[in-house]
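Structure first, then comments.
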């Protein structure tokens, strides 16, 4: 059985930006609030963190800042994926050097690759020595894993898990059958936390946790305590807020929500733009429904 990096609710944390770069003071505040509310792991420089618009210097600085500020209280997972294998290896080595607990590595986007290419790409990154969580999000990358590819990749001692955001529960079922505990599964979709836990998933890498960390913690904790009905009810209760946070492309809604509830998450970086007014109203309504906005 592979080592479990974390169990429960991990937050795919936003990156608060100022006009001149990363707002590290606000970043520290957000991190502390996450830990206080029971978040089990912090995933930095992922999609929600707008890593695609960061310079290399900012990317590295964000990883190091989170690792240093968390200071071993909970695991820190660094987004180090790239469509260039060499750069992904370089970033993963850096994350290991500064003390990250694992790397989240998205499938190569735009140039794409074959299943053979995926196997070679991930094995080379995993050879850097840091535990790797595969990231399957074909809606963004155009690349999907086949079950046989998961099984082959699970043979590498450093490839420990997958963040599954393809929306296909049957795929999760096949992965669990093929790989068992040699490849742990985390939900990559906030509307599928309980379904994936029911298939043996270890938790979620969550956008919702940015604004409702305790609720997502509780969904997972209740499930693991055997209180599956209560967990399911809470998952359903927050479905309106999940819908609101994905009413436009992530992370447009969640950064809007963060700013509305009192964080200084800053502006979105181009090419992301501010949400439409109807989206803002949907976000406000959902936040109010859960007592997060007056």
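Bear in mind these aren't lab numbers, they're just calculated from the coordinates by the rules spelled out. Here the structure is a predicted model, which means the values were calculated and not measured. Methodologically, a virtual Cβ is constructed for each residue, glycine included, from the backbone with ideal geometry; neighbour enumeration extends over all protein chains shown.
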(request) Bin width 5 Å, alpha-carbon pairs only: give the P(r) of the chain as whole percents, running from 0 to the bin holding the largest distance. (result) 1, 6, 13, 17, 20, 18, 14, 8, 3, 0, 0
(message) Bins of 5 Å, beginning at zero and ending with the bin holding the largest distance: percent of Cα pairs per bin for segment 124-174, please.
(response) 5, 20, 30, 24, 15, 6, 1
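Per DSSP H run of n ≥ 4, the term is -39500 (n - 2.57); total these for the chain, divide by its residue number, and report the mean residue ellipticity at 222 nm rounded to 500 deg cm²/dmol. Write down the numbers at each step before the final one.
Values: 13 runs with 133 residues, N = 294.
My calculation for the chain gives -13500 deg cm²/dmol from helical runs alone.
Below 8 Å between Cα atoms, with a sequence gap of 6+, how large is the relative contact order for segment 1-105 in percent?
Relative contact order of segment 1-105: 27 percent.
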(request) Throw me the Rg/Rh for segment 32-129, computed over C-alpha atoms with Kirkwood Rh, two decimals. (result) 0.99
(message) Test of understanding: in a Gaussian network model of the chain with alpha carbons linked when under 10 Å, which of 135, 223, 177 would top the mean-square fluctuation ranking?
(response) 177
(message) Report the rotationally averaged projected area of segment 70-188 based on its alpha-carbon convex hull, in square nanometres.
(response) 6.9
(request) Calculate I(q)/I(0) for segment 161-294 by the Debye formula, one identical point scatterer on each C-alpha and no solvent, and give its log10 at q = 0.09, 0.12, 0.14, 0.20 Å⁻¹ to two decimals. (result) -0.29, -0.50, -0.66, -1.12
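Only counting other Cβ atoms within 10 Å, I'd like 121, 156 sorted with the fewest neighbours first.
In order of increasing Cβ crowding within 10 Å: 156, 121.
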(request) Choose one answer from 79, 21, 167: the residue with the largest mean-square fluctuation in a GNM of the chain with alpha-carbon springs under 10 Å. (result) 21
(request) Take the chain, connect every pair of alpha-carbon atoms lying under 10 Å apart with a spring to form a Gaussian network, then pick out the residue of 213, 195, 251 with the largest mean-square fluctuation. (result) 195
(request) Indicate, rounded to the nearest 5 percent, the antiparallel portion of the DSSP beta bridges found entirely in the chain. (result) 5
(request) Determine the relative contact order of segment 8-226: mean sequence separation of Cα pairs under 8 Å and six or more apart, normalised by residue count, in whole percent. (result) 21
(request) Kindly put 120, 60 in sequence by how many other C-beta atoms sit within 10 Å of each C-beta, fewest to most. (result) 120, 60
(message) If you build the convex hull over the alpha carbons only and average its shadow over all orientations, what do you get for segment 152-219? Give it in nm² to one decimal.
(response) 4.6
